[in-house]
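The values are calculated or read from the model by the stated rules, or taken from the named source; none is laboratory data. Treat the numbers as computed from the prediction; the structure is a model and nothing was measured. Positions of Cβ are generated from backbone atoms using ideal geometry, with glycine treated the same way; all protein chains shown enter the neighbour counts.
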Amino acid sequence: MKFVIITHVIHIQDENQYLGYGPYVSEMNIWLKYVDEVKIVGSLIKKTPTVIDIAYKHQKIDFVSVPSFSFTSLKNNLISIFKLPVIFWRIFGAMKDADHIHLRCPGNIGLVGCIAQIFFPNKIKTAKYAGNWDPKSKQPWTYKLQKWILSNTFLTRNMQVLVYGNWENQSKNIKPFFTATYSESEKETFQKTGFEETIEFVFVGSLVAGKNPIYAIKLVKQLIKKEQNVVLNLYGEGIERSVLEQYIQENQLSKNIILHGNQDKETIKKAYQKSHFVLLPSKSEGWPKAVAEAMFWGCVPVATKVSCVPFMLDNGDRGVLLNMDLDKDVVDMEEILMNEAAFFNKSKSATAWSQKYTTDVFESEIKKLLEK
């Protein structure tokens, strides 16, 4: 099978290997176990790989480089107009030779892929929509256009669209799906510690406005003011780091709030295992990987009511849903910090739910998709 991936993920070439963002490549490596040839259409940059970049695992990879583009300013709009024909024809050419077309959405390259796939109605196709599929959510017009094309069974034929969450009134090609990080063999029976000593919070994600790490810090700051013995460890990098560092310094929070930067999978796993809560005050999500991973190790998620998060948290029975009103959210957190029994119940429920979504189950579902 000739398998073609159309993706917005930025790639790095290191000798004869192609590397990309770890969680995405780890997922794709499961798909690649069941294909003979791989062609990747995406952006390629010259950069030294970091701890969060990993390599595709396949013996026969052909990489088709396309320039990245955006519509964020008048200048970028004009530049993109000249880039688009080149990008379209490279994607079109890759699809022409494919036995199976796989789109990664949402993203600008994914948008071009959505349009190009219309010309191949008879080819077998899948699309992974890794963003928020909620029809009522506010999103950029490019995201809405991708969702409309993918849902339109006249334009998009012979395709299964994998989305996070189970939404009403969807077209027949929309398939609720999930993602996974840990295997069946990694399951452990363990008990979280109580609140006698330090209460550990963890934030895992990019330090960008969309992930809202400053809200996580402000929430913990209020708990500290109320004499709660809490610590927040943040893992990730991003353009907001300097703002967060300044806030931590100005508010004398350096003993309680620590920025660890990007770390490898094993370090993050240990952080989840020792933490009581995982914080995700994100403005938008698809399937929040950090929440699902943390729940696997018994962390109680404290997260916003976006995308499929209410489903993941069973509307609060497996976690705490943020109101994004600091005073209200502090009160909700104080309630659970005063009630260890409630915390342990949520922790056990979180673990039981998350451990149903292992890489073994994920691989089984992927295999079924590729056999169709």
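Filtering the stretch 1-60 to residues that are assigned to a strand (DSSP E or B), within 14 Å of Leu370 (Cβ to Cβ) and touching a His at 6+ places or on another chain (Cβ under 7 Å) leaves Phe3, Val4, Ile5, Val38. Entry remark, the stretch 248-265: residues being modelled with pLDDT of 95 or more and either outside any strand (DSSP E or B) or in contact with a His (Cβ under 9 Å, 6 or more places away or on another chain) (or both) number 11 in total. Across the stretch 307-329, not a single residue is classified as at pLDDT 95 or above, closer than 16 Å to Glu188 by Cα and charged (D, E, K, R).
Sub-8 Å Cβ pairs linking a first residue in the stretch 238-250 that is under 12 Å from Phe203 (Cβ atoms) to a second residue that is outside any helix (DSSP H, G or I) and not charged (D, E, K, R), at least 6 apart or interchain, are Gly238/Ser206; Gly238/Leu207; Gly238/Val208; Glu240/Leu207; Glu240/Val208; Leu244/Leu207; Leu244/Leu234; Leu244/Leu259, ordered by first then second residue. In the stretch 252-284, of all residues being of a type in the set (Lys, Arg) and over 20 Å from the mean Cα position of the chain (by Cα), the one that is surrounded by the most Cβ atoms within 10 Å (Cβ to Cβ) corresponds to Lys274. Restricting attention to the stretch 296-319, the residues being within 23 Å of Thr193 (Cα to Cα), hydrophobic (A, V, I, L, M, F, W, C) and in a loop (DSSP other than H, G, I, E, B) number 3. When Tyr129, Tyr56, Tyr34 are screened for being touching a Cys at 6+ places or on another chain (Cβ under 6 Å), assigned by TED's automatic domain parsing to the domain that holds Thr142 and of a type outside the set (Asp, Glu), only Tyr129 passes. Of all the criteria given as (1) part of a strand (DSSP E or B); (2) surrounded by fewer than 16 Cβ atoms within 10 Å (Cβ to Cβ); (3) in contact with a Phe, Trp or Tyr (Cβ under 7 Å, 6 or more places away or on another chain), the one not satisfied by Pro176 is (3). Kindly indicate whether any position in the stretch 361-368 is over 21 Å from the mean Cα position of the chain (by Cα), touching a residue at least 40 places away in the same chain (Cβ under 8 Å) and assigned by TED's automatic domain parsing to the domain that holds Glu168. Yes: one or more hits. Every listed requirement among (1) in a loop (DSSP other than H, G, I, E, B); (2) touching a residue at least 60 places away in the same chain (Cβ under 8 Å); (3) farther than 21 Å from Lys348 by Cβ; (4) of a type outside the set (Lys, Arg) is met by Leu219 save one, (1). Within the stretch 316-339, restricting attention to residues that are in contact with a Leu (Cβ under 9 Å, 6 or more places away or on another chain) and β-branched (Val, Ile, Thr), the residue that is farthest from Pro301 (Cα to Cα) is Val330. The residue list Val204, Val161, Val231 contains one member that is over 26 Å from Ser26 (Cα atoms) and under 26 Å from the mean Cα position of the chain (by Cα), which is Val231.
Within the stretch 108-156, the only residue that satisfies the criterion of being assigned to a loop (DSSP other than H, G, I, E, B) and in contact with a His (Cβ under 9 Å, 6 or more places away or on another chain) is Lys123. Hey, does the stretch 289-303 have a residue that's exposed (fewer than 14 other Cβ atoms within 10 Å of the Cβ) and either touching a helix residue (DSSP H, G or I) at 6+ places or on another chain (Cβ under 7 Å) or within 17 Å of Thr189 (Cα to Cα) (or both)? No; the residues of the stretch 289-303 include none that is exposed (fewer than 14 other Cβ atoms within 10 Å of the Cβ) and either touching a helix residue (DSSP H, G or I) at 6+ places or on another chain (Cβ under 7 Å) or within 17 Å of Thr189 (Cα to Cα) (or both).
When Pro135 is tested against the conditions (1) modelled with pLDDT of 95 or more; (2) over 27 Å from Lys2 (Cβ atoms); (3) not basic (Lys, Arg), the lone failure is (1). Within the stretch 310-325, identify whether any single residue is on the phi < 0 side of the Ramachandran plot, among the acidic types (Asp, Glu) and more than 20 Å from the chain's Cα centre (by Cα), and answer yes or no. Yes, the stretch 310-325 has at least one match. The one condition from (1) without any contact (Cβ under 8 Å) to a residue 24 or more places away in the chain; (2) outside the structural domain of Glu363 (by TED's automatic domain parsing) that Tyr235 does not meet is (1).
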